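Below is one structure, written out as structure tokens; the observations come after it.
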Amino acid sequence: MNHDQLEFRLSGRRGKEGRPEGHRVGQGPRDGVPFVRRSDTSKAAGDSVARSSRSVRVRVIAAITAAGLRGATCDQLELQLGLSHQTCSARIRELTKSGVIVDGGCRRPTRSGRGAVVWVIADVTRRQGEGV
């Protein structure tokens, strides 16, 4: 998947007014990052989060892609990429909602011993199912 395909997937479908479906006024145009309208500092903070979110998503995708069919849990990605749980889990949620990654169908223990979803790139699981 190239960068343009990824951006298209993450941008989502467009509604009547040209905004992503479900987009509300007062949210960032690409990532749905909320901000307080009429507040320049809140808007600046939202823009900053949107920019860093994109770069973290790219890092998460690269790590999961490198793992191949073995995939990775959120816990593993946190350790590998040096991310907080809140940051990593938020990016995973965005990537699952956009269809870039999917539940690989197995669970792996976290540092605390609890089972966690193993995430894989959606295209990899489709190709596996087709026998490619």
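Out of the residues in the stretch 97-114 meeting the condition of being more than 17 Å from ALA67 (Cα to Cα) and polar (S, T, N, Q), tell me which one is modelled with the highest pLDDT.
Residues of the stretch 97-114 more than 17 Å from ALA67 (Cα to Cα): 97-99, 111-114.
Among the residues that remain, those that are also polar (S, T, N, Q) are: 98, 112.
Numbers: SER98: 94, SER112: 97.
Top of the filtered list is SER112.
How many residues does the stretch 82-100 contain that are touching a residue at least 24 places away in the same chain (Cβ under 8 Å) and either within 16 Å of ALA50 (Cα to Cα) or surrounded by 14 or more Cβ atoms within 10 Å (Cβ to Cβ) (or both)?
Residues in the stretch 82-100 being touching a residue at least 24 places away in the same chain (Cβ under 8 Å) and either within 16 Å of ALA50 (Cα to Cα) or surrounded by 14 or more Cβ atoms within 10 Å (Cβ to Cβ) (or both): 10 in total.
Being more than 20 Å from GLY113 (Cβ to Cβ) and in contact with a strand residue (DSSP E or B) (Cβ under 6 Å, 6 or more places away or on another chain) is the filter; apply it to the stretch 64-81 and report the residue that is surrounded by the fewest Cβ atoms within 10 Å (Cβ to Cβ).
Ranking the candidates gives THR65 first.
Which of the residues belonging to the stretch 88-102 are polar (S, T, N, Q) and farther than 16 Å from ALA116 by Cβ?
SER98
The values are calculated or read from the model by the stated rules, or taken from the named source; none is laboratory data. This structure is a prediction, so every number in the text was calculated from the model and none was measured. When we count neighbours, we look across all protein chains shown, and the Cβ atoms used for this are built from the backbone with ideal geometry, even at glycine.
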